[in-house]
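Below you'll find the structure, written out as structure tokens, and then a few comments.
The values are calculated or read from the model by the stated rules, or taken from the named source; none is laboratory data. Note that this is a predicted model, so its numbers are computed, not measured. When we count neighbours, we look across all protein chains shown, and the Cβ atoms used for this are built from the backbone with ideal geometry, even at glycine.
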Ligand SMILES: [Zn+2]
């Protein structure tokens, strides 16, 4: 039986996505055996991220600087904004390396069931970005869930008054699919075959 401190570490790790109690214990043991090479390094990296973590005031991405690396990157195309539900979707799409524009994180999806209304999401900030001009295309990259699609339709309606092309990911996406769980090839395909909303 391990000490309380070690138990605490194992149960904290077991809460991480993809790790159960068993793999958490293995990770703890692995770390304990490599105190200097791995444990200290992990602690240092975590402390640094914790201290520097900020939400990007422009797009809602989470990064260690504000504006985030994507917003600050001059090589990215400011004329296209890809709208996603969560930061995890932004990261998934960006891993696919096919979209060269900027992003906008809504902070969720419209949901009657969970009581999420348009004003609970960053829709106002998105419209402001579009209103400032210089944006040609808004790509709606909502998840292929009922709520995701409801959100996409609502956004398309709100964007009708602006001189922008509104597109959405191709419906090669599996129904109920969460972007975060798709492989990069599928994501890239959905992005490449994006089509106008309507
Ligand atoms: Zn940003």
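Residues of the range 37-61 being part of a loop (DSSP other than H, G, I, E, B) and either in contact with a strand residue (DSSP E or B) (Cβ under 7 Å, 6 or more places away or on another chain) or surrounded by 13 or more Cβ atoms within 10 Å (Cβ to Cβ) (or both), which ones? Across the range 37-61, the qualifying residues are 53, 56, 58, 59, 60, 61. The set of residues from the range 32-74 being in contact (Cβ under 8 Å) with a residue 12 or more places away in the chain and either away from the ligand (no atom under 13 Å from the Cβ) or over 30 Å from residue 152 (Cα atoms) (or both) comprises 32, 48, 49, 52. Residues that are under 11 Å from the mean Cα position of the chain (by Cα) and closer than 24 Å to residue 182 by Cα do not occur anywhere in the range 67-79. Across the range 104-139, the number of residues qualifying as loosely packed, with under 11 Cβ neighbours inside 10 Å and in contact (Cβ under 8 Å) with a residue 40 or more places away in the chain comes to 1.
Among the residues of the range 69-76, are any in contact with a helix residue (DSSP H, G or I) (Cβ under 8 Å, 6 or more places away or on another chain) and at pLDDT below 95?
For the range 69-76, residues in contact with a helix residue (DSSP H, G or I) (Cβ under 8 Å, 6 or more places away or on another chain) and at pLDDT below 95: absent.
Being more than 19 Å from residue 189 (Cβ to Cβ), touching a helix residue (DSSP H, G or I) at 6+ places or on another chain (Cβ under 7 Å) and either within 14 Å of the ligand (Cβ to nearest atom) or at pLDDT below 95 (or both) is the filter here, so list the residues in the range 84-102 that pass it.
88, 102
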